[in-house]
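The values are calculated or read from the model by the stated rules, or taken from the named source; none is laboratory data. Bear in mind that the values here come from a model prediction, so they are computed numbers and not experimental data. Positions of Cβ are backbone-derived with ideal geometry, glycine not excepted, and every protein chain shown enters the neighbour counts. Accessible surface areas use protein heavy atoms only, side chains included; no ligands, DNA or RNA. Shrake-Rupley method; radii C 1.70, N 1.55, O 1.52, S 1.80 Å.
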Amino acid sequence: QGRGGVPIPGGGSGGVENGQCEVHGWTGGASRTFPLALDVGSGRGYIAQHLTKETVEKLIQVDIAENALKNAVESEIPTVSVVADEEFLPFKEDTFDLVVSSLSLHWVNDLPRAFKEIHQVLKPDGVFIGAMFGGDTLYELRCSLQLAELEREGGFSPHVSPFTAVSDLGHLLSRAGFNTLTVDTDEIQVNYPGLFEVMEDLQGMGESNCSWNRKPLLHRETMLAAAAIYQEMYGNSDGSVPATFQIYYMIGWKFHESQARPAQRGSATVSFGDLAKINGLISRGKK
């Protein structure tokens, strides 16, 4: 089963490809070359096809889905595919200069452990660059299904996989040992004819619900009610409905002595109160 990182079938760029391009932009914008990199949850290798030899000399692609690795797309850089679980990376400590992960970590059962594994395999001064789906992803679909189930069946169960809140992400990365953290969030909307087309695309992406406590099926009447609720609550003026993909982008570094550190408390020589006078000082200097 192909997991995150697969382009939306028939949907053009969509939220998924935007996430891939953002991760590529951050790695491509680096001023250094990474001799050995790791792609965690690589899928078919959509990050690899955007990397160049000037950025990454060799890439190890890891995914638990063997079929995705067997059908990996071609890339300019040398790659090696390894079937492994993100929570149990089969590599020695201090192995990689760069670790990337694009839109696969929401499948991980133990995210804190996965972050610790990534931190462990990084070399000192190595960097982790990742993107993952956030808590507001597919909120329209989630609400519509819950309301329809409550109305037709008197209760509801989760039909959309759980996602991490952005407020927890920085803490999880810090607890794993990363420093100099950067966390950003973005929302991308993709319009569809209706609820059934949203679910068809999710299935084509390999993004079916992974919750163990989910119901095995939804009744036809409930699905039709959910489609009507989706259209009524979130529908666009042209008859289409939006599906929101919230994406978290993160960068974290493994500590090294050469990295910049914050100055000691009380060592400042300028007060923030003096910032209000800076324009006057600049004008006086020009005279």
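A few points about this structure:
- Tally of residues being of a type in the set (A, V, I, L, M), farther than 27 Å from Asn191 by Cβ and part of a loop (DSSP other than H, G, I, E, B) across the stretch 218-270: 4
- Extreme residue, modelled with the lowest pLDDT, among residues of the stretch 216-231 that are surrounded by 10 or more Cβ atoms within 10 Å (Cβ to Cβ) and more than 11 Å from Leu195 (Cα to Cα): Leu218
- Here the condition is being open to solvent by 20 Å² or more (accessible area, probe 1.4 Å) and at pLDDT 90 or above; of Val62, Val6, Val80, Val56, it holds for Val80 alone.
- Of all residues in the stretch 102-125, at least one satisfies being of a type in the set (S, T, N, Q) and assigned to a strand (DSSP E or B).
- Remark: pairs (first residue in the stretch 178-191, outside any strand (DSSP E or B); second residue surrounded by 14 or more Cβ atoms within 10 Å (Cβ to Cβ) and of a type in the set (Gly, Ala, Ser); Cβ separation under 9 Å; 6+ apart in sequence or on different chains) = Phe178/Gly252.
- Candidates Phe133, Phe96, Phe128 - the one that is in contact (Cβ under 8 Å) with a residue 12 or more places away in the chain, crowded, with 18+ Cβ neighbours inside 10 Å, over 30 Å from Ile188 (Cα atoms) and not small (Gly, Ala, Ser): Phe96
- Of all residues in the stretch 233-277, those satisfying the criterion of being exposed (fewer than 10 other Cβ atoms within 10 Å of the Cβ) and under 30 Å from Tyr192 (Cα atoms) are Ser237, Asp238.
- When residues of the stretch 99-121 are limited to those that are touching a Leu at 6+ places or on another chain (Cβ under 8 Å) and over 25 Å from Glu187 (Cα atoms), the one most open to solvent (accessible area, probe 1.4 Å): Gln120
- Filtered residue count, the stretch 61-95, keeping only those that are in a strand (DSSP E or B) and under 19 Å from the mean Cα position of the chain (by Cα): 3
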